[in-house]
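Colleague: Dumping the structure here so I can ask a few things about it.
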Amino acid sequence: MSAGAGERGGAAVAAGGAAAGLSAGAGDGKAPGAASKGLSEGAGANGSSGLSGGTGASGGAGLSGGTGSSGLSAGTGGAGPSSGSSAPSAGAGGANAGLAAGTGGSGDTLADDPPPPGAPAPIACLDPPPPGMACIPAGWFIRGSDTGPEHARPQARVWLQTYYLDLNEVTYAEYKACVKAKGCDPKGGPAYSDFDRPKQPVNGVNWFHAEGYCKAHGKRLPSEAQWEKGARGPDGALHPWGDEPATCERAILKDETGRGCGVKKQGSKPDTGRPWEVGSRAPGRYGLYDMSGNSWEWVADWFTRSYAECGADCEGIDPLGPCAKDGEVARECPGKLRKIVRGGSWYWDASYATGVWRRPHFPSNQPFHHFGFRCAANPREAEALQRGAPVK
């Protein structure tokens, strides 16, 4: 794929229908049933790397997994324009900042509710958790939204066993170190200029690259349910910080100053912007960074057009979506062609940077998009990581 190519064929989810196949240059569908303008995500090449416009200390230092606190890192609230207001709405019916009403709110906690019949006994969080990870304790959470986009309906209570998530998105330096150690595919990574700063989230990997990196480190990609609980907490908040709108004070996204909170990309097409270094904004739930904005993140599940369509595969205890067995998601799924990315990015406005927006794309990442990822671990994997002997 040429370095100058932008978002092409970004799958737009139509209300109650299949994602629209967009023509070359088309971006995500913004309102259900409508294709968006043809926007290029991070397009441009042949520019030299310049100084970071959004540097901040690498997140995660000193955070205790599973506490749910938001201890600030040295790089929180990184430099960048402060908009003070939400970005433009993505369109009627889309996941805009007004979604808070009806998402479950944050008034009733589910933390003390007993497990459902047949659930395994909750496993206590490791203290400390594996380096660079946070523990999300076992329990219920509110998934989806009855008032949001069609693909996030219906809202439901889902129970998850204890699991662990990386505090940060996997960085360019971390991915390239895995390539150097011959544990990761060298074809994964950015195809544009100014995307190769060591602490930027690696972008341009396909689903298989992301899965391969996590497995090489004794981890796995999070399930969609695990990702969403990590982003929203148990009680259905719309964002990692609560129901307040996504702004450039809280996340790296597109606002009135431009993409990437107005920070230009070096080289050609500077207005397409770029992701910032990980941890440039304050952490959210469970001490996790950049669960809203900065980089789209691959998850394990195969995509269905709504939770209603997914049915039993997306319900109950530790759901993994279609074609899952014995706690693993199949690499192939008859009738399913696309995986899922979550969380929005520097390129898109605040309406995508929610805990409910689900974006489908082909696991081969063709046509090419700039997506990233973070890894997860189950309790067994976490124990091995803590011992320094990852389960392969």
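The values are calculated or read from the model by the stated rules, or taken from the named source; none is laboratory data. Remember, predicted model here, so these are calculated numbers, not experimental data. Here the Cβ positions follow ideal geometry from the backbone for every residue, glycine too, while neighbour counts run over all protein chains shown. Heavy atoms of the whole protein, side chains included, go into the accessibility calculation; ligands, DNA and RNA do not. Shrake-Rupley method; radii C 1.70, N 1.55, O 1.52, S 1.80 Å.
Colleague: Can you name the condition, by its number, that GLY262 falls short on among (1) in contact (Cβ under 8 Å) with a residue 60 or more places away in the chain; (2) touching a helix residue (DSSP H, G or I) at 6+ places or on another chain (Cβ under 8 Å); (3) not aliphatic (A, V, I, L, M)?
Modeller: Result: GLY262 passes all but (2).
Colleague: Follow-up. State whether the residues of the stretch 275-283 include one that is assigned to a loop (DSSP other than H, G, I, E, B), within 30 Å of PRO117 (Cα to Cα) and in contact (Cβ under 8 Å) with a residue 60 or more places away in the chain.
Modeller: Narrowing the stretch 275-283 to residues assigned to a loop (DSSP other than H, G, I, E, B): 275-283.
Checking which are within 30 Å of PRO117 (Cα to Cα) leaves us with none.
The answer is no; no qualifying residue exists.
Colleague: Collect the residues in the stretch 123-156 that are among the basic types (Lys, Arg) and under 17 Å from the mean Cα position of the chain (by Cα), keeping them in residue-number order.
Modeller: Initial filter on the stretch 123-156 (among the basic types (Lys, Arg)): 143, 153.
Answer for the stretch 123-156, where residues must be among the basic types (Lys, Arg) and under 17 Å from the mean Cα position of the chain (by Cα): just ARG143.
Colleague: Moving to a separate point now. When the stretch 130-179 is examined, which residues are found to be assigned to a loop (DSSP other than H, G, I, E, B), small (Gly, Ala, Ser), closer than 25 Å to GLY287 by Cα and touching a helix residue (DSSP H, G or I) at 6+ places or on another chain (Cβ under 6 Å)? Show your work before the answer.
Modeller: We begin by selecting, within the stretch 130-179, every residue assigned to a loop (DSSP other than H, G, I, E, B); these are 130-132, 137-138, 144-149, 153-155, 161-162, 167-170.
Cutting the leftovers down to small (Gly, Ala, Ser) gives us 132, 138, 144-145, 148.
After this cut, where a residue has to be closer than 25 Å to GLY287 by Cα as well, the list is 132, 138, 144-145.
Across the stretch 130-179, the qualifying residues are GLY144, SER145.
Colleague: Kindly indicate whether ARG285 is open to solvent by 10 Å² or more (accessible area, probe 1.4 Å), farther than 22 Å from ALA156 by Cβ and modelled with pLDDT of 95 or more. Let's see the steps before the verdict.
Modeller: Details: open to solvent by 10 Å² or more (accessible area, probe 1.4 Å): yes; farther than 22 Å from ALA156 by Cβ: no; modelled with pLDDT of 95 or more: yes.
Considered against the rule, which asks whether it is open to solvent by 10 Å² or more (accessible area, probe 1.4 Å), farther than 22 Å from ALA156 by Cβ and modelled with pLDDT of 95 or more, ARG285 comes out as no.
Colleague: Over 26 Å from ASP313 (Cβ atoms), in contact with a helix residue (DSSP H, G or I) (Cβ under 9 Å, 6 or more places away or on another chain), modelled with pLDDT of 95 or more and in a helix (DSSP H, G or I) - does that describe any residue in the stretch 219-235?
Modeller: Applying the first criterion (over 26 Å from ASP313 (Cβ atoms)) to the stretch 219-235 yields none.
No: the stretch 219-235 contains no residue that is over 26 Å from ASP313 (Cβ atoms), in contact with a helix residue (DSSP H, G or I) (Cβ under 9 Å, 6 or more places away or on another chain), modelled with pLDDT of 95 or more and in a helix (DSSP H, G or I).
Colleague: Taking the stretch 360-379 on its own, how many of its residues are farther than 25 Å from HIS217 by Cβ and charged (D, E, K, R)? Step through it out loud before you land on a result.
Modeller: Step one: of the stretch 360-379, the residues farther than 25 Å from HIS217 by Cβ are 360, 366-367.
Cutting the leftovers down to charged (D, E, K, R) gives us none.
Here the count works out to 0.
Colleague: Take ARG305 and decide whether it is in contact with a helix residue (DSSP H, G or I) (Cβ under 8 Å, 6 or more places away or on another chain), in a loop (DSSP other than H, G, I, E, B) and closer than 15 Å to ARG358 by Cα. Lay out the reasoning, then the answer.
Modeller: Numbers: in contact with a helix residue (DSSP H, G or I) (Cβ under 8 Å, 6 or more places away or on another chain): yes; in a loop (DSSP other than H, G, I, E, B): yes; closer than 15 Å to ARG358 by Cα: yes.
Yes.
Colleague: If you don't mind, there's one more thing I want to ask. Restricting attention to the stretch 180-200, which residues are without any contact (Cβ under 8 Å) to a residue 60 or more places away in the chain, assigned to a loop (DSSP other than H, G, I, E, B) and open to solvent by 20 Å² or more (accessible area, probe 1.4 Å)? First the steps, then the outcome.
Modeller: Quick first cut of the stretch 180-200, residues without any contact (Cβ under 8 Å) to a residue 60 or more places away in the chain only: 180-189, 198.
With assigned to a loop (DSSP other than H, G, I, E, B) added as a condition, the list becomes 181-189, 198.
ALA181, LYS182, GLY183, ASP185, PRO186, LYS187, PRO198, listed by residue number.
Colleague: Continuing with the same structure: Among all residue pairs at least 6 apart or on different chains, which show Cβ distances below 9 Å where the first residue, located in the stretch 114-135, is in contact (Cβ under 8 Å) with a residue 60 or more places away in the chain and within 16 Å of LYS219 (Cβ to Cβ) and the second is open to solvent by 60 Å² or more (accessible area, probe 1.4 Å) and of a type in the set (Asp, Glu)?
Modeller: Within 9 Å, the pairs are LEU126/GLU383; PRO130/GLU383; CYS135/ASP127.
Colleague: Is it the case, given these coordinates, that PRO116 is more than 21 Å from SER295 (Cα to Cα), in a loop (DSSP other than H, G, I, E, B), open to solvent by less than 30 Å² (accessible area, probe 1.4 Å) and not hydroxyl-bearing (Ser, Thr, Tyr)?
Modeller: Spelling it out, PRO116 is indeed more than 21 Å from SER295 (Cα to Cα), in a loop (DSSP other than H, G, I, E, B), open to solvent by less than 30 Å² (accessible area, probe 1.4 Å) and not hydroxyl-bearing (Ser, Thr, Tyr).
Colleague: Which of the following residues is more than 25 Å from ASP301 (Cα to Cα) and not acidic (Asp, Glu): ALA237, ALA225, ALA246?
Modeller: Being more than 25 Å from ASP301 (Cα to Cα) and not acidic (Asp, Glu) holds for just one of ALA237, ALA225, ALA246, which is ALA246.
Colleague: Give the residue that is surrounded by the fewest Cβ atoms within 10 Å (Cβ to Cβ), with candidates limited to residues of the stretch 316-328 that are closer than 18 Å to ARG143 by Cβ and at pLDDT 95 or above. So that I can check it myself, show each step before the final result.
Modeller: Our first condition is that a residue be closer than 18 Å to ARG143 by Cβ; within the stretch 316-328, this holds for 316-322, 324.
The next check asks that each one be at pLDDT 95 or above; those that pass are 317-322, 324.
Values: ILE317: 14, ASP318: 18, PRO319: 22, LEU320: 22, GLY321: 23, PRO322: 19, ALA324: 18.
Filtering first and then ranking leaves ILE317.
Colleague: Considering only residues of the stretch 201-260 that are charged (D, E, K, R) and in contact with a Cys (Cβ under 7 Å, 6 or more places away or on another chain), which is surrounded by the fewest Cβ atoms within 10 Å (Cβ to Cβ)? Lay out the reasoning, then the answer.
Modeller: Taking the stretch 201-260 first, the residues charged (D, E, K, R) are 211, 215, 219-220, 224, 228-229, 232, 235, 243-244, 249-250, 254-256, 259.
Then drop every residue that is not in contact with a Cys (Cβ under 7 Å, 6 or more places away or on another chain), which leaves 219-220, 255.
Values: LYS219: 26, ARG220: 21, ASP255: 26.
Per the stated criteria, the residue is ARG220.
Colleague: Follow-up question, since we're still on this one. Do you know which of the residues in the stretch 142-157 that are of a type in the set (A, V, I, L, M, F, W, C) and surrounded by 24 or more Cβ atoms within 10 Å (Cβ to Cβ) is farthest from HIS209 (Cα to Cα)?
Modeller: Our first condition is that a residue be of a type in the set (A, V, I, L, M, F, W, C); within the stretch 142-157, this holds for 142, 152, 156.
Add one more test, that the residue is surrounded by 24 or more Cβ atoms within 10 Å (Cβ to Cβ), and what stays is 142, 152.
Details: ILE142: 30, ALA152: 26 Å.
In this case the residue turns out to be ILE142.
Colleague: Could I ask something else about it? Among the residues that make up the stretch 163-179, is at least one of them among the small types (Gly, Ala, Ser), open to solvent by less than 20 Å² (accessible area, probe 1.4 Å) and either closer than 19 Å to GLY343 by Cβ or in contact with a Lys or Arg (Cβ under 9 Å, 6 or more places away or on another chain) (or both)? Outline the logic, then answer.
Modeller: Let us first name the residues in the stretch 163-179 that are among the small types (Gly, Ala, Ser), namely 173, 177.
Those still in the list that are open to solvent by less than 20 Å² (accessible area, probe 1.4 Å) too: none.
Checked the stretch 163-179: no residue is among the small types (Gly, Ala, Ser), open to solvent by less than 20 Å² (accessible area, probe 1.4 Å) and either closer than 19 Å to GLY343 by Cβ or in contact with a Lys or Arg (Cβ under 9 Å, 6 or more places away or on another chain) (or both).
Colleague: Residue under question is ASP301, and the condition is that it be crowded, with 24+ Cβ neighbours inside 10 Å, at positive phi, of a type in the set (Asp, Glu) and within 16 Å of the chain's Cα centre (by Cα); does it hold?
Modeller: no
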